[in-house]
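Input: a single structure, listed below in structure tokens.
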Amino acid sequence: MSFHNITVAGGGVLGSQIAFQAAYTGFHVKIWLRSQASIGRCQPKLDRLYKIYLGILEEMKHNPAAYARGLSKKQNLSEAEIEELKGRVEKAYRSIELTTSYEEAAKDADLVIEAIAENIEEKEAFYTELAKYLPERTVIATNSSTLLPSSFAQFTGRPDKFLALHFANNIYRSNTAEVMGHAGTKQVYYDQVVEFAEQINMIPLKVLKEQPGYILNSMLVPFLTAAEGLLANGVGDFETIDKTWKLGTGAPYGPFQILDIVGLTTAYNIVIMHPAAKDPTSTQGKIAAILKEKIDAGKTGVNAGEGFYQY
């Protein structure tokens, strides 16, 4: 292995998944969180993933269709093999460490995966502080959905060891990992991150040049924004918009179901980056207002039990 000790910064929807998946596949994992309150919000996500992984593996004993690519590279597992994987879930759940200390998070880290809010000022502040404690060898990857690594590479203190590693949601099933460097990323570290993605049962997707939104979100964000605009401008309610998309395309999820999975806080952070969002009469301003109302009510998506839909 190129890496052994992994630190994930942020315990949100994807941060918790990345950490659990890395621990499940045998890595020593810490999650850095901003505060004790953040720890309180992260732990239920890990509890939920623990149940999801065990539930999938148990179902795989009698239902081959339950197979999730992130849980095993091999299909048609024997019951003994499934039990062995369930043991890995138990070990991962017990072993993940949560900390609010930069020093503890950085100690012995081979790879840091940053998965904090889509806010460039917060990311800059995090990297600037973390750089004081990191070993020289440590590679850093951002899971940013929309921001370019070159935008804040300088704040890491090691731009040559910095790149993007972007995961899709529900990584135990949608096991993609987009790997995107910037002009200053050295190939050796890019290759190490590709290798790491393979080791945690992801399929590395090599992005050949910097692109806001990588490949996946370059397609997904405009789709979700279009749906949000239809709602904000009163063209249709969210259930009708979802129904239209699913019936018209055969897709399993509508855009507002996807937004609940992604998390409404992430969607809000994306829309407020648009200059027009400051105008409450603009489409972007209306979208931001709808999302903020839900966030303020604690309805942030699937992990909260309610977003646009109840869970």
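Before moving on, here are some points about what is shown:
- DSSP beta bridges confined to the chain are antiparallel in about 20 percent of cases.
- Local electrostatic count, H166, Cβ distance below 13 Å [Lys/Arg +1, Asp/Glu -1]: -3
- Between the C-alpha center of the stretch 174-193 and that of the stretch 73-97 there is a gap of 28 Å.
- Seen from E97, the other residues with C-beta closer than 12 Å to its C-beta sum to a net charge of +1, counting Lys and Arg as +1 and Asp and Glu as -1.
- Charge tally in the Cβ shell below 12 Å around M180, where Lys, Arg are +1 and Asp, Glu are -1, M180 excluded: 0
- Residue among H166, H62, H182 with the largest mean-square fluctuation in a Gaussian network model of the chain, springs linking Cα atoms under 10 Å: H62
Laboratory data are not the source of any read-out in this text; all were calculated from the coordinates shown. Bear in mind that the values here come from a model prediction, so they are computed numbers and not experimental data. Quick reminder, even Gly has a Cβ in these numbers, built from the backbone with ideal geometry, and neighbours come from all protein chains shown.
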